[in-house]
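Novice: Quick one: this structure, given as structure tokens, is what I'll be asking you about.
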Amino acid sequence: MNAAEHLTADLEERRGNRVVKGARFLANLVLAGAGAGLDNIADVDLVVRRRDSGREVLRTPADMGDPEFLLHQVRRDLESKTVEEFVAEWRLPDTPSA
């Protein structure tokens with residue numbers, strides 16, 4: 001039984017106060033002005049949730065590299081690993097067992 005039967009992974013807007021979001025927006029503008037593009041600082045988190053309850057078991061910033069690539073990697077792991085293997089690799093606390 002693979003982990004995808006018990007867990008889901010998505011990108012969700014980062015939680016935070018307006019000051020933090022405003023600072024990230026300004027950083028994006030500076031990077032854009034430098035020709036770096038607006039996608040260098042993502043305002044999204046990778047979120048893994050239990051399918052049965054929707055409870056969040058992992059939330060981590062998806063701001064290193066390409067958030068979509070990270071999401072694809074996690075979803076691939078969910079499809080190819082058991083819950084125990086996924087938990088061990090991603091070090092998730094309190095997740096469902098298969």
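The values are calculated or read from the model by the stated rules, or taken from the named source; none is laboratory data. It should be emphasised that the depicted structure is a prediction, and the values quoted were computed from it without experimental measurement. The area values use the complete protein model at the heavy-atom level, side chains included, leaving out ligands, DNA and RNA. Shrake-Rupley method; radii C 1.70, N 1.55, O 1.52, S 1.80 Å.
Novice: Can you tell which of ARG18, ARG76, ARG50 is modelled with pLDDT of 90 or more, open to solvent by 70 Å² or more (accessible area, probe 1.4 Å) and of a type in the set (Lys, Arg)?
Specialist: Every option except ARG76 fails the conditions.
Novice: When the residues of the stretch 57-67 are filtered to those that are in a strand (DSSP E or B) and open to solvent by less than 50 Å² (accessible area, probe 1.4 Å), which remaining residue is nearest to GLU13 (Cα to Cα)?
Specialist: Within the stretch 57-67, the match that is nearest to GLU13 (Cα to Cα) is THR60.
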